[in-house]
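So the structure is just underneath, and the comments pick up after that.
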Amino acid sequence: MSAPSQTPAAAGAASNTPSSTAPSASTTNADASSAAAALKPIQVKLVLLGEAAVGKSSLVLRFVNNEFQENKEPTIGAAFLTQKCKLDDKIIKFEIWDTAGQERFHSLAPMYYRNAQAAVVVYDITKAASLDKAKSWVKELQRQANPNIVIALVGNKLDLAATSRAVPAEEASAYATEAGLLFAEASAKTGDNVMDVFTEIAKKIPLEQLLASRGRAGASGASGAGAAGRVDLNAGPGGRNAPQGQCGC
Amino acid sequence: MPKPLSDSQQPPTSSRASSARSSQSAGQSPPPDASRPSDSPPEPPPQTRLDVGGRALVTAITATPAAANTENDVERGPSQAAVGTFGDVDCDFSEGLNNARTGPGWTNRRKHFFILSCAGKPIYSRSVAFLVYPAWGHHMVLALNRQYADALYDLRIICRYGDEAKLSSLMGLIQAIISFFASDDDSVRSLTAGGHTFVFSVKGPLYLVAVSSTGESVAQLRQQLSYLHSQILFILTSTQLTRIFDTRVNYDLRNLLSGTEMFLDQLARSFQSTPGFFLGSVQCLRMPARVRQKVAQALSVGNPQGLAFGMLLAKDQLIGLIRPKRHSLHPADLHLVANMIASSSGFRSGEAWTPVCLPMFNNKAFLHAYVCYVGPDLCVVLCSTDKDSFFGMSEYKAEIVKGLEEGGCVDGIDEALHGVPYSIVEVGVPSLRHFIVKSTPLVQYTQPAPAPPYTRKDDWRRLLQIYQRASEALHARIDPVSTYFYTGPAEAVLACTVGTLELYAAFGPLVSKTVAMDAINALARWARRCEDLLFLGSVPVLGSKQRSITPERLTGPTSP
Ligand SMILES: Nc1nc2c(ncn2[C@@H]2O[C@H](COP(=O)(O)OP(=O)(O)OP(=O)(O)O)[C@@H](O)[C@H]2O)c(=O)[nH]1
Ligand SMILES: [Mg+2]
């Protein structure tokens, strides 16, 4: 752990201890001028899943731009964003698919998780039903996604815990342990724990392996999932020069 | 057993609009309005007493010609006019009609859209405030038996007060009313009663209803229902919609549509805030031809696999377009795309990828839309037939952006958008207050930035409504007019067709028709002179080896 503010809050447990209230994205962002920038970033494909309005987009926006919008409008289809982070001596480039939670988009999800290395399944701690939905996403991922996928269960809207918590942290945490998931409660609004979630994911992903398999296979991700019709995140040999939205990196 | 509506207390109000409908009458005598002081009392609403007599559902259908004159309306006391009978229910219509006036004679009214499934399950219901001149009414009158009359009454109450408590109990009645209109022809599924126009439309498994006291015509309301229906297809495709109701008649479509209300809402609002819907055309950003050509070049730098349509939009204004050789992009489809982008600020973060169905292009299948803002108001939309082509589209977007930058278009577009406001002054016709010029073959229109008084929302909506009337008169199925002249207390509007151009122009209320005619001719000359600036005349075609710019249309059949 070399990145300054990445005090890894025990992601395996609900941490109600207020960590850095608003972790600045820049603390973990790769600094272009640093020597590490010379390294080739390791691409990590990450998908966000969960019921509508639990705060998936808000979490991503906090992670990528370190901002929060009070009345974020629903995502249509899916949004693609990227963020580079430094972990120890490596640079990780998260390629994030923020999917829409609305029911009509459910059938599109496989397109996004099929060859992802990580998934963040989000529920809203003030809405019990959203945990059920999260569980069904976990099931679907465990059945159909890359078997090595790192899944994090995130209870969002932690800032509302005092007033309207509907899901006890212990309940979700117990489920996560049982299902073999990372777990954290977070708040996109205050920024609580948001960085930590992504840090823990990055730590759990077999980066070396990813790097090695990339070197060999080039176009195919570590997942080896080569189903036709998937979103080929590696399309275009290396040089994808598309300016990536608001990724700020 | 048709029975004339003898006890209808007054012949429904004449509209000065309808008396101005025929160009001859309008040309000869000034419309009554022009001579009326602008502070005259508001007219009472058009009244219709419905008669509920026989057993038959419909006992009378009377199409009343617009005959009464304005003086009659003014003389009629409010007390007399305010109470109508609807079924056996006495109801006071005065409230809500005469309050909240924003100009002499203008009132705020509401229009309500309902969508339900053929099984009577509610799908969508929304009430829209609407500014209207009460003298505009429609005069087909039905008398219904008690049950149906009550249903219509309830619909009106919902329409007026936005009270939806009764809604679900009404769905069955709407079903019954619709099935009563035995004919399969949608055109007969409408009626006007008690100052409200009811339009029913059956589209596959969906029933759509508009209830309106806004004075918009049946044809206009039907067109709006059709847009709302297209919006639902845009989200689901007709294939999916049919399949759902084939397998489960009682399916609650709100499950699948949840989260899309904002599309329908945005659309319902747009009907009265932008003219593109009733004009059936797209607003085009005015730009120098040089910039336009550069934009076209930038848009057609390659031929990425799967690309069906590409467009560059600034809000609801079209900047550039590419399309396949065999297909054209229908303005209605473009409206739906622009409507989607306007509906959600979510598109502003990152690159978006979402299935969309463009019903006029193909209502059975989805295309996949890549949406990315490349400037504060500048949005690239690439529609692909391949659901896995996100990264291909993303790369293509990057090339477009490069092309735009290299061609120096970014500043040009920016200037066209913000820097140099396109002002009415340019036309050099001082009497003009505002205008719209539509190119019929290009299905595009242009208008200057609204100047006072049309910078005020209410004034703008009023003007739009007059334009809408004019457009309807020019395109009426029966007796279309070639020139439409309206004078009211706040402005005069002249509309006419000159060659392939359709022109709508607003003047001060006291303008004479001769002066207005001269002005509109000058406007037409100006528009022809500046055609390259105003309209997107040529659309690059995808897949053609030579990326030359062919003078083809935005829509309509491709010339061989
Ligand atoms: N109080 C609080 N509100 C939040 C938090 N995160 C998100 N919200 C709010 O919850 C609403 C939904 O957030 P989104 O980020 O759009 O939710 P989403 O999961 O992306 O929703 P879809 O895109 O429809 O699937 C918005 O109004 C947010 O402002 C949070 O941590 N605390
Ligand atoms: Mg979202």
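Where a number appears in this text, it was derived from the coordinates with a stated rule and is not lab data. Computed from a predicted model, the values in this text were never measured in an experiment. Virtual Cβ from ideal backbone geometry, glycine too; neighbours counted across all protein chains shown.
Give me the inter-chain shielding for A:101-109: mean count of other chain Cβ atoms within 10 Å, whole number please.
Partner-chain Cβ atoms within 10 Å, mean over residues of A:101-109: 4.
Past 18 Å, Cα to Cα, is the threshold; run A:K72/A:K157; A:K45/A:K84; A:K45/A:K157; A:K56/A:K135 against it and keep the listed order.
A:K45/A:K157
Let's see if you can work this out: charge +1 on each Lys and Arg Cβ, -1 on each Asp and Glu Cβ, no other charges. What is the dipole magnitude of region B:424-534 about its Cα centre, in debye to the nearest 20?
I would put it at about 140 debye.
Would you tell me the mean number of C-beta atoms belonging to other protein chains that fall within 10 Å of each C-beta in A:66-77, as a whole number?
Per residue, the number of nearby Cβ atoms from other chains is 5 on average.
Starting from the coordinates of the alpha-carbon atoms of region B:282-418, obtain the Kirkwood hydrodynamic radius over all distinct pairs and give the value in Å to one decimal.
One over the average 1/r among Cα pairs gives 14.8 Å for region B:282-418.
Just rank B:V401, A:V47, fewest to most, by other beta-carbon atoms within 10 angstrom.
B:V401, A:V47
Which residue, B:P331, B:A398, B:M287, has the largest displacement toward the positive end of the dipole of region B:282-418 when charges sit on each Cβ (Lys, Arg +1; Asp, Glu -1)?
Going by the Cα projections, it comes out as B:P331.
How far apart, in nanometres, would the label points at A:A162 and B:T455 be if each is projected 7 angstrom from Cα along the Cα-to-Cβ direction?
4.6
Does region A:67-182 come out rounded, prolate or oblate, given a ≥ b ≥ c as the square roots of the eigenvalues of its C-alpha gyration tensor, rounded meaning a/c under 1.5 and, failing that, prolate meaning a/b above b/c?
rounded
Going toward the positive end of the dipole of region A:46-225, with +1 on Lys and Arg Cβ and -1 on Asp and Glu Cβ, which of A:I96, A:A172, A:V120 do you reach last?
The Cα lying farthest towards the positive end belongs to A:I96.
Between A:S136 and A:D89, what is the spin-label point distance in nm, taking each point 7 Å from the Cα along the Cα→C-beta axis?
According to this spin-label approximation, the distance is 4.7 nm.
What's log10 of I(q)/I(0) for region B:457-533 at q = 0.19, 0.22 Å⁻¹, Debye sum over Cα points only, no solvent?
The Debye formula, applied to the Cα set alone, gives -0.82, -1.04.
Among B:V282, B:V202, B:V481, which comes first, second and so on when ranked by fewest other beta-carbon atoms within 10 Å?
B:V202, B:V481, B:V282
7 Å from Cα along Cα→Cβ at both B:V202 and A:L211: what's the point-to-point distance in nm?
6.8
Quick one: length gained pulling B:V498 to B:C118 fully straight, 0.36 nm per residue minus the C-alpha distance?
Taking B:V498 through B:C118 to full extension adds about 132.4 nm, to one decimal.
Using a simple charge model, +1 on the beta-carbon of Lys and Arg, -1 on the beta-carbon of Asp and Glu, nothing else, what dipole does region A:46-225 show about its Cα centre, in debye to the nearest 20?
560
Assigning unit charges at the beta carbon (Lys, Arg +1; Asp, Glu -1) and nothing else, what dipole magnitude in debye, to the nearest 20, does region B:279-406 show about its Cα centre?
400
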